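All remarks here apply to the structure that follows.
The values are calculated or read from the model by the stated rules, or taken from the named source; none is laboratory data. Just so we're clear, the structure is a prediction, and the values are computed from it rather than from any experiment. Because the Cβ atoms are built from the backbone with ideal geometry, glycine has one as well, and the counts that use them run over all protein chains shown. Surface accessibility is based on the protein's heavy atoms, side chains included, excluding ligands, DNA and RNA. Shrake-Rupley method; radii C 1.70, N 1.55, O 1.52, S 1.80 Å.
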Amino acid sequence: MANAATPPSGEKPVARLVKLLFGDPLAAALTLLSAVLILALLPLVQWAFVDAHWTVAAPEDCRAGGACWAFIGAKLRLILFGLYPPQSQWRALTVIALLLTLVLLSLSPRVWGARLLGIWTLGLVVMLLLMRGGLFGLNYVPTSKWGGLPVTLLLAVISLGLAFPFAVLLALGRRSKLPVARGVSVFLIEVVRGLPLVGLLFVAAILLPLFLPPDWTIDKLGRTVAALTIFAAAYLAEVIRGGLQGLPSGQIEASQALGIPYWRMVWHIILPQAVQKVIPPLTNTAIVMVKNTSLVLIVGVFDMLSAARSAATDPMWPAPSKEAYLFVALIYFVICFAIARYSRHLEMGVKARNRT
Amino acid sequence: MNNAIEVRGLNKFYGQYHALKNIDFSVAEKERVVICGPSGSGKSSLIRCINQLEKHDSGDIEVSGIQLDDNVRNLDAVRREAGMVFQHFNLFPHLSVLENCALPQILSRKTPRRQAEARAGEFLDRVHILDQAAKFPGQLSGGQQQRVAIARALCMRPKVMLFDEPTSALDPEMIREVLDVMVTLAEEGMTMVVVTHEMGFARQVADRVVYMEAGMVVETASPEQFFTAARNERSQRFLSKLVTT
């Protein structure tokens with residue numbers, strides 16, 4: 001207690017540092033814990049950077065220990081594009097580029113609206129056609145050959161995009177005065193939320209075809225998208241309902257008094273405000289759905305994670321699964337972190353607007 | 001009969017509670033009517049029934065000759081004829097001031113955007129707030145917000161304006177700027193129904209004061225008569241309270 005009375009400016013730098021690190025029991029404990037953690041991470045740094053092989057002449061050169069990043073270089077195409085025919089992989093790359101372009105174009109809330117929605121719909125159709133081929137001299141690639149990053153991205157974007165309108169209907173239905181609409185919405189939301197996604201995917205991919213007439217063939221990728229969409233819709237519906245609940249009734253009364261028709265009111269007045277209020281949980285659902293797409297590997301859809309797994313099984317290379325998984329993890333992290341940062345940015349915009 | 005608003009035998013219940021009891025009420029074109037009375041007297045319910053923010057249980061309501069019935073088209077038509085200003089402004093917080101006035105025209109009257117924005121600017125200028133057009137409602141004071149709300153309602157070119165306690169949620173120093181706008185509007189010949197406790201405003205612009213209590217119209221009189229020689233004992237009691245507080 002004695003040195004707490006002396007002004008900090010009078011202390012020597014070393015003494016100040018010691019006080020900062022070991023000033024009280026909690027600080028001392030945290031300092032020790034951090035030191036242990038850093039020491040534990042040292043071998044990882046050694047493995048990942050110091051002993052790593054960045055380029056090798058032959059796969060056997062990787063046996064010496066240390067990370068084999070050369071493996072990622074050699075298998076990059078397989079991880080990113082799966083079994084997609086190599087001579088057509090420029091199409092898969094174009095799809096990724098198109099998607100990124102659309103995302104970048106949509107960042108500013110000022111451009112949001114019906115027109116942007118049209119552009120996205122058109123863009124996604126173009127992407128799907130480009131992947132599929134069979135037109136304009138592009139060779140036909142069945143969905144069973146699609147794979148890697150384009151499949152992961154398309155699954156996430158399409159399932160979230162399709163889920164949103166259903167989620168809005170479910171959320172409005174759950175708050176409806178009509179008992180039937182309310183009952184149906186509650187039932188659907190609770191049933192889907194009560195099922196594991198893996199179960200839904202199994203039903204969609206494996207059980208559903210058994211019940212349908214044999215000549216009814218719906219593409220497996222399509223059925224997977226349907227399962228992801230239903231799952232996302234149930235969760236999004238609850239998030240949106242949270243936003244609707246925070247909306248003052250005066251907003252609806254003002255719209256009615258101005259004679260604004262119901263669905264236009266929903267689109268222009270209610271939804272923008274409801275969504276603004278629930279940006280954090282909405283982001284959460286989006287990030288979870290991006291990662292949930294990796295579950296499709298259990299029904300045999302070849303997303304990025306499945307592609308990395310199959311790349312790692314190459315017997316030519318000495319056990320490279322660590323590197324493959326770390327690489328895929330990095331890609332997931334970049335996507336999810338970007339979504340998180342973007343949502344922070346949107347929140348700041350909303351805050352700035354309400355400041356005097 | 002060329003009345004802007006015609007209400008006959010209006011009844012309204014909230015569950016068991018009889019909020020409006022057999023109300024007869026009419027407003028002539030270009031007439032300014034102030035409705036006053038203690039809280040819970042049914043004055044807000046009455047004007048909210050006129051544009052059907054509240055459904056009435058029985059009785060006839062006619063606005064500009066349009067009969068309110070189960071026909072949704074008639075409901076929409078009545079809401080286009082009657083503009084409303086709320087106690088809590090109810091501006092759209094996610095839209096700029098200009099957009100608050102422009103978007104409703106586009107959504108309910110299908111006005112082309114350019115024209116809607118021009119009209120929004122015109123009416124924002126009339127309520128002296130055009131310089132704030134790019135701001136958002138949350139960045140304005142209460143008095144400014146209420147003036148925007150008046151401009152928003154006027155942009156729809158209503159034949160009647162309904163005001164539901166437009167100054168009750170305002171700080172005292174902001175009441176004047178809103179009342180000034182309303183006085184100007186009255187001088188321009190707008191048909192107005194105003195629920196308010198601002199007796200000075202009633203004295204200044206009202207053609208008629210309607211006093212309500214317990215869901216009934218107790219007294220209807222010209223302002224001079226109402227304020228100097230209210231006939232009904234209940235309105236007298238209401239007025240005496242206003243003076244003492």
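³J(HN,Hα) across segment A:276-288 via Karplus (A = 6.51, B = -1.76, C = 1.60, θ = phi - 60°), whole Hz, x for Gly/Pro?
4, 6, 10, 4, x, x, 5, 4, 4, 4, 4, 5, 4
Identify the residues of segment B:107-138 with backbone N under 19 Å of a label point that sits 7 angstrom from the Cα of B:Arg176 along the Cα-to-Cβ direction, or state none.
Of the residues in segment B:107-138, B:127-129 have backbone N under 19 Å from the label point off B:Arg176.
Radius of gyration and Dmax for the protein assembly as shown's Cα atoms, expressed in Å?
Over the protein assembly as shown's Cα set, Rg and Dmax evaluate to 33.5, 109 Å.
Quick one: 3J(HN,Hα) in Hz for segment A:58-63, Karplus 6.51/-1.76/1.60 with θ = phi - 60°, rounded, Gly and Pro as x.
9, x, 5, 4, 7, 5
Under 5 Å between amide H atoms, partner at least 5 residues away or on a different chain: which partners does A:Leu83 have, H built in plane at 1.01 Å?
The list, which skips near neighbours in sequence, is A:Gly147.
Near the amide H of B:Asp57, under 5 Å away, which other amide H atoms are found, from residues 5 or more places off or on another chain, if H is placed in the peptide plane?
Those qualifying (amide H under 5 Å, at least 5 residues apart or on another chain) are B:Asn11, B:Lys12, B:Phe13.
What ranking of A:Met304, B:Met190, B:Met216 comes out by heavy-atom accessible area, probe 1.4 Å, highest first?
From most exposed to least exposed: B:Met216, B:Met190, A:Met304.
So what's the net charge close to B:Glu29: Lys and Arg +1, Asp and Glu -1, counting the other residues with Cβ under 14 Å from its Cβ? Before the final figure, lay out each step's value.
Values: positive: B:Lys30, B:Arg32, B:Lys159, B:Arg208; negative: B:Glu6, B:Glu31, B:Glu62, B:Glu81, B:Glu188, B:Asp207.
Result for the neighbourhood of B:Glu29: -2.
Any idea of the accessible area per residue across chain A, 1.4 Å probe, to the nearest Å²?
That works out to 56 Å² for each residue.
Grab the other residues whose beta carbon is less than 13 angstrom from that of A:Ile189, score K and R as +1, D and E as -1, and report the net.
Around A:Ile189, the surrounding residues sum to +3.
Could you run the Karplus curve 6.51 cos²θ - 1.76 cosθ + 1.60 with θ = phi - 60° over segment B:230-242 and give me ³J(HN,Hα) per residue in whole Hz, x for Gly and Pro?
Result, rounded to whole Hz: 4, 7, 7, 5, 5, 5, 4, 4, 4, 5, 5, 5, 4.
Tell me which cysteines of chain A come out unpaired when the rule is another cysteine's Cβ under 4.7 Å.
That list is A:Cys336.
When all protein chains stay in place, what accessible area (Å², nearest 10, 1.4 Å probe) is found for A:Trp90?
Counting only protein heavy atoms, the figure is 130 Å².
Taking chain B as the reference, fit the longest principal axis to its C-alpha atoms, fit the long axis of helix B:97-109 to the helix C-alpha atoms, and give the angle between the two in degrees, 0 to 90, nearest 10.
Computed tilt is about 80 degrees.
Can you give the accessible area of B:Glu29, probe radius 1.4 Å, in Å² rounded to 10?
110 Å²
At a 1.4 Å probe, which residues in segment A:332-356 are at least 30 Å² less accessible with all protein chains present than in their chain isolated?
Checking the loss per residue gives A:Arg353, A:Asn354, A:Thr356.
Using a 1.4 Å probe and counting only protein heavy atoms, how much accessible surface gets buried when B and A come together, both sides summed, in Å² to the nearest 100?
On the way: alone 11600 and 21130 Å², together 30680 Å².
The contact between A and B buries close to 2000 Å².
Let me check something: with ligands and nucleic acids excluded, how do B:Arg231, B:Arg32, B:Arg73, A:Arg264 order by accessible area (1.4 Å probe), largest to smallest?
Working: B:Arg231 150, B:Arg32 55, B:Arg73 185, A:Arg264 80 Å².
Per-residue accessible area, sorted high to low, gives B:Arg73, B:Arg231, A:Arg264, B:Arg32.
Once you've got the GNM for chain A with C-alpha springs shorter than 10 Å, pick whichever of A:Val103, A:Val299, A:Val192 has the biggest mean-square fluctuation.
A:Val103
Name the most mobile residue of B:Asn71, B:Asn11, B:Asn232, meaning the one with the largest mean-square fluctuation, in a Gaussian network model of chain B with Cα contacts below 10 Å.
In this elastic network of chain B, the residue with the biggest mean-square fluctuation among B:Asn71, B:Asn11, B:Asn232 is B:Asn71.
Tell me the carbon and sulfur percent of the accessible area for the protein assembly as shown, rounded to whole percent, probe radius 1.4 Å.
On the way: 19500 of 30680 Å².
So the carbon and sulfur contribution to the accessible surface is 64 percent.
For a quick check of understanding: with a 1.4 angstrom probe and all protein chains in place, what accessible area in square angstrom does A:Trp54 have, to the nearest ten?
The value for A:Trp54 is about 140 Å².
Give the shape of chain A as rounded, prolate or oblate, defined through the alpha-carbon gyration tensor: a ≥ b ≥ c are the square roots of its eigenvalues, a/c under 1.5 means rounded, and otherwise the shape is prolate if a/b is larger than b/c and oblate if not.
Values: a/c = 2.09, a/b = 1.11, b/c = 1.88.
Note, shape of chain A comes out oblate.
Report, by chain and number, residues whose modeled amide H sits under 5 Å from the one on B:Phe163, excluding near sequence neighbours (fewer than 5 apart, same chain).
B:Val85, B:Val193, B:Val194, B:Val195
Tell me the mean residue ellipticity at 222 nm calculated for chain A from its helices only (DSSP H runs of n ≥ 4, each -39500 (n - 2.57), averaged over every residue, nearest 500).
-21500 deg cm²/dmol
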